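Read-outs throughout are calculated quantities, based only on the coordinates presented, and are distinct from any laboratory measurement. Keep in mind that this is a model prediction, so the values were computed, not measured. FYI the Cβ positions are ideal-geometry reconstructions off the backbone, even for glycines, and counts take in every protein chain you see.
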Amino acid sequence: MRIALLGPPGSGKGTQAQRICEAFGLVHLASGDILRAVKASGSPLGQKLREFIDNGLLVPDDFMVELMRQNILGLSRGFVLDGFPRTLPQARALSRMLFENDRPLMLVLNFVVDPEALARRFAGRRVCPVCQAVYHVDSQPPRVAGICDKEGAKLIIRDDDRPEVVQKRIVTFQQTMAPIVAYYTQLGNFKTIDASATIDDVTKIVLDKIRRHFE
Ligand code: AP5
Ligand code: MG
């Protein structure tokens, strides 16, 4: 299976991608996680990326496509893309690279969430700085408050979850997503998911759509 998840910041792409991968034995490729790992390295490239990510701006397409190509093309298993593609040039470049390898994308799921629910999700998100696991103080709490279940590390708030940056990320999303939705709608294999329900209910909807699609 080769699946891509689209949707606004905070819509639950990372949370559901992890569950999809567990259910079907797929690899989770989250563009934001990959970028944050480079950023955290403190290298000159990481410093450069910080200027984009921490200000809610998209990283340039050429760099992003090459970074994802390096992560995608070596894979022998199926995968779930989370956060990529995010612009029409990225979507086209992804189609080309997968087509050249005879492994086209099989399903695109577009997460739609009402804005009030999104705001609550941002306000309570906490992440593990070591393994990047995602939690929420109310809807997805760790076993011990403030501590990652897997790593035992102290959970942090993402640098780009400050309210003014969140606002910028949502505007960026609104400005770039329509052409991608049109592109995948035209190609087919495009399904919309109402991702406003609880995490477990969204998982049921998502897994059901995937099973039906691949039946
Ligand atoms: P990225 O890391 O991809 O961020 P994003 O797309 O803005 O999405 P988020 O990770 O914020 O949200 P999510 O949908 O994964 O939701 P989550 O599962 O965490 O990108 C960050 C930055 O990197 C970009 O701004 C850009 O600078 C750069 N970048 C990345 N990809 C790029 C690209 N392709 N091109 C250019 N630049 C790129 O859930 C959110 C919270 O809600 C969590 O706390 C979770 O526990 C909770 N939650 C989840 N689902 C539910 C539910 N159903 N009910 C209640 N709570 C829920
Ligand atoms: Mg995410």
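Helix-only estimate, please: 222 nm mean residue ellipticity of the chain, summing -39500 (n - 2.57) across DSSP H runs of length 4 or more and dividing by its residues, to the nearest 500.
On the way: 8 runs with 108 residues, N = 215.
When only DSSP H runs of four or more count, the value is -16000 deg cm²/dmol.
Full-extension gain between Ala153 and Arg211, please, as 0.36 nm times their residue separation minus the C-alpha to C-alpha distance. Spell out each step's value before the answer.
Working: separation 58, 0.36 × 58 = 20.88 nm, distance 3.53 nm.
Value of the extension gain: 17.4 nm.
Can you bin the stretch 149-201 into rounded, prolate or oblate? Criterion: square roots of the alpha carbon gyration tensor eigenvalues sorted a ≥ b ≥ c, rounded for a/c under 1.5, prolate for a/b above b/c, oblate for the rest. Present the calculation step by step, with values, prior to reporting the outcome.
Working: a/c = 2.70, a/b = 1.52, b/c = 1.77.
Oblate.
What's the magnitude of the charge dipole for the chain around its Cα centre, counting Lys and Arg as +1 and Asp and Glu as -1 at the beta-carbon? Answer in Debye, nearest 20.
Working: 29 positive and 24 negative charges, 39 e Å.
Once rounded to the nearest 20, the dipole reads 180 debye.
Relative contact order, percent, of the stretch 1-125 when contacts are C-alpha pairs under 8 Å separated by at least 6 residues?
Worked out over the stretch 1-125, it gives 48 percent.
List every residue whose amide H lies under 5 Å from the amide H of Arg2, counting only residues 5 or more places away in sequence or on a different chain, with H placed 1.01 Å from N in the peptide plane.
Those qualifying (amide H under 5 Å, at least 5 residues apart or on another chain) are Phe79, Met106, Leu107.
Classify the chain from the C-alpha gyration tensor, please: rounded if a/c falls under 1.5, else prolate or oblate depending on whether a/b exceeds b/c. Before the final figure, lay out each step's value.
Working: a/c = 1.40, a/b = 1.17, b/c = 1.20.
Verdict is rounded for the chain.
Counting other C-beta atoms within 10 Å, which of Met68, Met97 has the fewest, and how do the rest follow?
On the way: Met68 21, Met97 16.
With the fewest neighbours first, Met68, Met97 line up as Met97, Met68.
Relative to 2.2 N^0.38 Å, what does the C-alpha radius of gyration of the stretch 98-215 come to as a ratio? Two decimals please.
Working: Rg = 17.1 Å, N = 118, 2.2 N^0.38 = 13.5 Å.
The value comes to 1.27.
Beyond 17 Å, how much of the Cα-Cα pair distribution for the stretch 73-143 remains, as a whole percent? Provide the component values of the computation, followed by the final result.
Details: 1535 of 2485 pairs.
Looking at the stretch 73-143, the distances longer than 17 Å represent 62 percent of pairs.
Farthest toward the dipole's positive end in the stretch 62-208, which of Ala133, Phe122, Leu109, given Cβ charges of +1 (Lys, Arg) and -1 (Asp, Glu) about the Cα centre?
Ala133
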